[in-house]
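To start, the structure itself, in structure tokens.
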Amino acid sequence: PSVPSEFPIFDELRLMGVTDYMAFVHPFNGNTSQGMIGSWSTDSASGFSDSMISALLRIQNHLAIATKMAVLTKLADNMMTTYLGGDAGRRVLDGQIKRGEGDTIRAALVMADMRGSTRLAETAGREIYIDTLNQFFDAIAAPFNRRGGQIMSFIG
């Protein structure tokens, strides 16, 4: 308490009654650019004991593996649903669709044009243009989504 704080968070933690703080970086596969950062704190008067620190370091290894798996699963889901559509993407990830297999489905090709989009892009600025495109896409997709349809691709 008598030493000035090196980081502002220490002052906040001290106000909460925290007496000891431990932060860690757990790199994935020895790659220091990817990993998990975490921290532990305690309000125990004696802070963390050596055995507690050892236990927390063991726990962090398990948390890092679980975190990595959750992140990779979410990334895979996002990629598959983006490029294959929601239903097909999930079916591929679940192992229900394999290369060389196919299903016959009902499909419709819809062509829609946002008139004046080039002029809008040149005059309104990037943020307004992107917001307008998102509103347009939402308006086009909403009727299909309500009926269980999927938009597989926007081109333009």
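Readers should treat all values here as calculations from the given coordinates under stated rules, not as data from a laboratory. Worth saying up front: this structure is predicted, and the values here are computed from it rather than measured. Quick reminder, even Gly has a Cβ in these numbers, built from the backbone with ideal geometry, and neighbours come from all protein chains shown.
Annotation for K74 and S51: the two label points, set 7 Å from Cα along the Cα-Cβ direction, are 3.6 nm apart. Comparing mean-square fluctuations of V25, V110, V71 from a GNM of the chain with C-alpha springs under 10 Å, the top value falls on V110. Calculated FRET efficiency, D131 to I155, Cβ-Cβ distance, R0 = 30 Å: about 0.90 to the nearest 0.05. Using equal-weight Cα scatterers in the Debye expression, the normalised intensity of the stretch 107-156 in log10 at q = 0.14, 0.21, 0.22, 0.26 Å⁻¹ is -0.41, -0.79, -0.84, -1.03.
Recomputing Rg and Dmax of the Cα atoms in Å from the coordinates shown identifies the correct label among (i) 25.4, 73; (ii) 14.2, 45; (iii) 13.9, 40 as (i). Listed from fewest to most Cβ neighbours within 10 Å, the set D50, D20, D77 follows the order D50, D77, D20.
Result for the chain in a Gaussian network model with C-alpha springs under 10 Å: among I59, I140, I130, the largest mean-square fluctuation is at I130. For the chain, the membrane-span-like helices by this rule, meaning whole DSSP H stretches whose C-alpha atoms cover at least 30 Å of axis and whose Kyte-Doolittle mean is 0.5 or above, are 50-84; this says nothing about an actual membrane. Label-to-label distance for Q96 and S2 is 6.7 nm, based on points extended 7 Å past Cα in the beta-carbon direction. Cβ crowding within 10 Å ranks D43, D94 as D94, D43, fewest other Cβ atoms first. Can you work out the FRET efficiency for the pair D138 and R115, with r the C-beta to C-beta distance and R0 = 22 Å, to the nearest 0.05? E(calc), rounded to 0.05, equals 0.80. Simple rule: put +1 on each Lys or Arg Cβ and -1 on each Asp or Glu Cβ in the chain, find the dipole, and look at F10, S46, M69; the Cα lying farthest toward the positive end is M69. Between T104 and I9, the modelled labels are 5.9 nm apart [label points 7 Å from Cα along Cα→Cβ].
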